[in-house]
Amino acid sequence: MVKHLKGLRHTALLLIPAIFTVGTVEAHPAHAKPVNYPFVVGFERFHSSNDDNEYLAAGGLILLNELNCVACHAPPPALADTLTGVAATDLTGAATRLDPVSLEIFIRNPRFLKRDSTMPSLFAGPDRNLDEVNALKHYLATLTYEVPDYPVGEIETGRSLYHHIGCVACHAPELGYRPAGLPDNAEVEMTGLASVPMNLADLYDLRTLAHFLLHPNSHRPSGRMPDFRLSEKDAIDLAAYLKAGPDLVLPENLTKALDGGETFVIDPALVAQGRALFATKNCIACHQVPGAESTPQLPRSRPLFELQTEPRAGCFSDRPVGGAVPFYGLDEVQKRAIAAALARLAGTTRPEGASEIDWRMKLMNCYACHERDGIGGAETSREVYFGFATTEAQRLGRRGHLPPALDLVGATLTPDWLIRVLHHEQGGGGVRPYLATDMPLFRKEMIDPLRELFLKVDASPGEADAPGTGNIETGKAHFLGDTGGCVRCHGAGEIESTEWPGINLATSPVRLQREAFDRIARAPRWSHPGALEPPAEFSSQQLDDLWSWLKSLGKE
């Protein structure tokens, strides 16, 4: 019996005798090199060892949330609505995705299979109870679900999809891959920002990986992996590409050390014991399982205020200490950041306004694609992987393939349209048909607080002037004629643009707040640097006429 595990690296095993080792083999070319500490993307992009302690403390708050420290250590009341923690992987179907050997390794020490895992281990210490590990394995082995028998996808099609629909905003591009349409003399730069590792994909087979790609929000309720609304064909092609790298083989003697070389048979008595342990070990503080209570569990350890970080003990330990203390394997920068955050908790206030938007965008990694207030946006070296939907769109330059900036988005889009865009309802997406990268779908519980913040923070301090009654025919003439020249860049309903493939303006009355429409029409470069200026500035009456005509088109 030989167990195949792609992406496994030679590492010290904290769970089994050191004589069992795995040789190093190159993993899939699009995989980021795994780091040897818990990977939190919002911390990795914006914080480093060069930060002073004051700034690093802000990164420490990100880690306290994303490592789910607050599942065990209660935050101060002032930060209770900020440090809410994350919902870890829903374990429904855990035994469908992972075989019994992998389940056991994950229970003992998840960092053996996934070195960058944010999941700590309660069984990596010298006092680990292997009977408890076995019981938990038997319980998790009962958590299965039906996965369709998807056909095998096309690797090359998956490679192309991976590199132009937005995957590489977070994950690593394949070394040496040149996007389609890139000039022969153009140089593809190496990415500098850290990429989110995806070596869990190595543990899934083609079927379960395709199923995950189709339903990521169900599998990971934290929303840290959004739903790209892939077709089944796209999902199986992506899965084929992500599984195209070489396998690493777990030696047969290691497999036998974990399962005795016997066929695994679920023991009902151990299942019951494991189910009870899942609660008593407080696994339910992070994970959802079928039939478990959906209400958050109360923290069981000392509150954050009381934690001491100077001694290298507890969760700060360099090696597993055993007992009820989880082992995270934090690196030195992470320890310093958390210590700085804990030292400043008494004076830390809940982020509000623009600060709260920044906080949530870092947690959700919105900055991987979008810029706001000069922060974030696609890394320059990754821009070539955001595709143009059409050859004509290449004339728009960066605007023709990069996601838009979110400056004042809450004062630009109507509340209803913002819901449509973020929930993908009633045709809310697709106003930029020149983009090959579509806005992914996040869970409503995760994205709605950010939507509400946009509307609150970006709201204009005064009310916009109420539009007068415009003349529809005159408005159409402005759109088509020399006065506005709008048709050069924009279509409107069935009317197509004459020169540039810009946004179709038919939905403007339901998409844009009126004040924002006037602002953009008078100075389009405010919204789109590099946009063509209108031949003449619109008067208020001309804008009323144009608005009335667009509204008459009745596009919802």
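The values are calculated or read from the model by the stated rules, or taken from the named source; none is laboratory data. These figures come from a predicted structure and were not determined experimentally. Reconstructed Cβ throughout: ideal geometry from the backbone, glycine too, with neighbour counts over all protein chains shown.
Numbers below:
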| read-out | value |
| --- | --- |
| Pair list, Cβ < 6 Å and 6+ apart or interchain, from region 41-69 residues that are among the aromatic types (F, W, Y) to residues that are in a helix (DSSP H, G or I) and surrounded by 18 or more Cβ atoms within 10 Å (Cβ to Cβ) | F43/G59; F43/I62; F43/L63 |
| Subset of region 90-118 that is assigned to a helix (DSSP H, G or I) and β-branched (V, I, T) - its residue that is surrounded by the most Cβ atoms within 10 Å (Cβ to Cβ) | I105 |
| Wholly enclosed helices (runs of 4 or more DSSP H) of region 477-544 bearing at least 3 residues at pLDDT below 85 | 524-527 |
| Total residues in region 51-75, condition in contact with a helix residue (DSSP H, G or I) (Cβ under 6 Å, 6 or more places away or on another chain) and not aliphatic (A, V, I, L, M) | 5 |
| The one condition in (1) of a type in the set (V, I, T); (2) in contact with a helix residue (DSSP H, G or I) (Cβ under 7 Å, 6 or more places away or on another chain); (3) assigned to a loop (DSSP other than H, G, I, E, B); (4) within 19 Å of M439 (Cα to Cα) that V152 fails to fulfil | (4) |
| Flag for L8 being modelled with pLDDT of 50 or more and surrounded by 20 or more Cβ atoms within 10 Å (Cβ to Cβ) | no |
| Members of region 403-462 found to be touching a helix residue (DSSP H, G or I) at 6+ places or on another chain (Cβ under 6 Å), of a type in the set (S, T, Y) and over 28 Å from V168 (Cβ atoms), listed by number | S460 |
| Single unsatisfied condition, S121 versus (1) free of Cβ contacts under 8 Å to residues at least 40 places away in the same chain; (2) in the same structural domain as A337 (by TED's automatic domain parsing) | (1) |
| Residue match in region 180-193 (condition: of a type in the set (D, E, K, R) and modelled with pLDDT of 90 or more) | no |
| Output for region 119-135, where each listed residue is crowded, with 16+ Cβ neighbours inside 10 Å and assigned to a loop (DSSP other than H, G, I, E, B) | M119, P120, L122, F123, A124, G125, R128 |
| In region 116-165, the residues that are among the aromatic types (F, W, Y) and farther than 20 Å from L200 by Cβ | Y139 |
| Condition check for L200: more than 30 Å from G274 (Cα to Cα) and within 23 Å of the chain's Cα centre (by Cα) | no |
| Condition met for P320 (modelled with pLDDT under 85, within 30 Å of G93 (Cα to Cα) and assigned to a loop (DSSP other than H, G, I, E, B)) | no |
| Selection within region 47-89 - under 19 Å from the mean Cα position of the chain (by Cα) and in a loop (DSSP other than H, G, I, E, B) | H47, L67, N68, T82, L83, T84, G85, V86, A87, A88, T89 |
| All positions within region 439-464 that are of a type in the set (D, E) and modelled with pLDDT of 90 or more | E445, D448, E452, D458 |
